[in-house]
Structure formats: C-alpha cells, structure tokens
Amino acid sequence: MGTVALVGATGGVGRHALTHLLLWGTDTVRAGTRDPARLVTDDPRVHVRAVDVTDAASLDAFCAGCHTVVNCAGPAASIGDTVARAAARSGAAYVDAAGDDPLHAAVSALPAAADRVALLSAGLMPGLSGLLPAYLVTQVPGARRMTGYVGGRDGFTPGAALDFLAAGNADYGEPLAAWRDSTRRSRALAARADVPVPFFDEPVLLQPYLSTETERVARRLGLTDVDWWSAFAGSRLPAALAAGARRVRDGATAAQLADAAAELRRAAELDTFGRPRYQLLVIEATGPAGSRVLACRGVGANALTGAAVALGALAIAAGAVPPGVHHLAEAVDPAWTVDLLHTSPAVTSLQVDDGPLGSHDLIEEGVA
C-alpha cells in the first residue's frame, strides 16, 4: 500500500482516521496539519507535515507522490472540493469523510475523474448509515421494509456543528419525509420526544430525516418502505437543534450560522457532561419470513467516521474500487466492512439478532 496523505490529521475525525489507517496496515501516512507540533508520534510510518487547505501550493506539495489523498478537514461546507482538486492535480486517488450529491457532482466534473478513484460520503452518516443497511438486507431474504435510528449522546466539533446545520437543506435530504411505496413522501412522519428505543441508554428525541443516501439505498436494495430517524439524547440539545433549524430555514447569514453552531456545541457539551458518550446505528429490516436487527454501538461520531474513512482508503489500496467517483456505501463490500469494524477501537458492539426490534430490551446500557 502506497503513501496515504491525510489532510486534517489532528482534527476530531482525522486523529481517528490515522489510528485506523495504522491499525489496518497502511505502510506510510503523511499526516497533514496546520500545526505539526500538535501531532507527536514515534511511529515510523507517520510523517508529519504542515499543510494549509486554503493555499493551493501548500496542498499540491502535500499531495505530491501519494497514492491516496484522504480529506478529514472541515467544515465540509466551506472546503467543498478544494482538497479533491489538489488530489486530482497530483493524480492520486481520493477519499472524503464528507460529501453527498453536491460534492459528487463537483468531483465528477474534475479533469480525468473517470480514470481515477474517488470515494465520497465516507463517514458515519452518510457512509456507515448506507453500508450497514446493505449488510443487514443480505441477512433478510426478500426484505422490503426498513427502520433505522442513528444518534446517541455525543458532542460536536466546530466544523461538525456547522456541517450538521448545513445538512438540513435539500441537497442532503428532507426532514419529516419517509420512503413509501418506493418513492419519497414529504411530511410522512413527525418528530417524537422522550421515546424509548431498544439499545439506546435512555429515551431520545426522534427526528425523521430521509437523506439522499437513504433514498439511494432503498432504490438499490428494492425496499418499498423506509423510516429513518435521527436520535438525540439529552435535555438541552433539542432546543438548540430547533433554533438552528429555524435559522437555516430563514436563510441565516454566515455569522448567524456560526452562532447557531456554537450554541449547538454548548448544548451538547452540557448534555454530555459527566455522562458516557456514545453513538448508535440501530436498523431493522423486514421480509416475508420475519425481521432481523443490526445494532452498532460506537464511542462517538468522530471515531466512527474516522473508521469509515480508513475503510475507504484500504479498499482503494486493495484494488477493490473501480475507477470513477463513488459514494462509499455503493462501492465497498458490506460484509468486508462488518468484518473490519469488529476490529475497530471505535466500535464497542456490533451484533445482528432476530427481530422484531420491539422484542429487544428497551434500554441496553453498554451492550457487550
């Protein structure tokens, strides 16, 4: 495996991506950060370099000679395809922790995009939120219906808070929508508060959200009905989420969005103070013969996203991804993904059991 150039190596996602790249056998990682003094390591495979994502010359020098460029810098809404363009200029493959349809279109428009490999949406959601449903459906013959829950009790980095607010626009999906009779149906669901959901440590706020990734998953797997919920634990975060959503709907300025993101971070920190952080993906797939449930519990969204990024880089190094621009969930083998996730320090539990979901304990704290 050639050198992987990791942009944003000391960020909330990047440090977990670095851990997983080394764990899963990367030969050399060129770890890029604005301040190299922040990354101290005695691993000879890690070469720490300064890089400035706002400077094309700095990015070009950083990417030169690498097999794959991995972008973990944020916020994604500001960076866009900046790092992808540098990877293209260097002739390297590309992996991005962020992205969805807008980034896919931008990267696809780069010169010779069809001749190189690019994996986008390589995070928790989108990313694992598409791969794990695909894996579960292989365990349920004739699966036609799916229900998913993603969330928990966790914090936000500054970039992640801004990106979370940006995801409320139509480029990424539609709040309150669901997949019904093989098509998107607006306002099919409503938010629900204090709902006990199996595998979650406490009752959660559920907000329905049909992402563009979930629509693609439903079409590809032949699902007729999908309900997908974002789940939030804590008493302060719901109010901050509602306020942030109102600002997005009202066309907030950049400064107003920054204020909303800061409030989101403060609310999450207060809600997690003195409490264990966790992220869960809980999915139920149902077919004619019954249902099965997948539950993946992680130590946090950043750690799970770092694992997904490393999965993408590893799949490219193995020659398992054809040339072209792909979303992670549509280009990487789900069974291979699950096997690797069982070895990930980001994952504390990954299990598939017989359903229905309601037959499981409502609260399973610290599932082993």
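The values are calculated or read from the model by the stated rules, or taken from the named source; none is laboratory data. These figures come from a predicted structure and were not determined experimentally. Cβ coordinates were reconstructed from backbone atoms using ideal geometry, including for glycine residues, and neighbour counts include every protein chain displayed. Accessible surface is based on the protein model in full, side chains and every heavy atom, while ligands, DNA and RNA are left aside. Shrake-Rupley method; radii C 1.70, N 1.55, O 1.52, S 1.80 Å.
A few comments on the model shown:
- Given charges at Cβ of Lys, Arg, Asp, Glu: the chain dipole, positive-most of Gly173, Gly127, Ala267: Gly173
- Counting heavy atoms of the protein chains alone, Met146 has an accessible area of about 0 Å² for a 1.4 Å probe.
- Net charge in the neighbourhood of Gly319 (other residues with Cβ under 14 Å of its Cβ; Lys, Arg +1, Asp, Glu -1) is 0.
- Relative to the longest principal axis of the Cα atoms of the chain, the long axis of helix 254-272 makes an angle of roughly 60 degrees.
- Axis angle, to the nearest 10 degrees, between helix 14-23 and the longest C-alpha principal axis of the chain: 80 degrees.
- Percentage, to the nearest whole number, of Cα pairs in the stretch 1-72 over 14 Å apart: 52 percent
- Projecting the Cα atoms of Pro75, Val95, Leu21 onto the charge dipole of the stretch 1-124 (Cβ charges, centred on the Cα centre) puts Leu21 farthest toward the positive pole.
- With protein chains left intact and a 1.4 Å probe, residues in the stretch 128-171 average 34 Å² of accessible area per residue.
- Here the accessible area is traced with a 1.4 Å probe on the protein chains. For the stretch 1-157, carbon and sulfur cover 52 percent of it.
- When only alpha carbons are used to place a centre, the stretch 30-65 and the stretch 168-223 end up 38 Å from one another.
- Here the stretch 257-368 is treated as a Stokes sphere of Kirkwood radius computed over C-alpha pairs; at 25 °C and 0.890 mPa s its diffusion coefficient rounds to 148 µm²/s.
- Accessible area per residue for the stretch 241-350 is 41 Å², calculated with a 1.4 Å probe on protein heavy atoms, without ligands, DNA or RNA.
- Relative to the Cα centre, the charge distribution of the chain, modelled as +1 at Lys and Arg Cβ and -1 at Asp and Glu Cβ, gives a dipole magnitude of about 380 debye.
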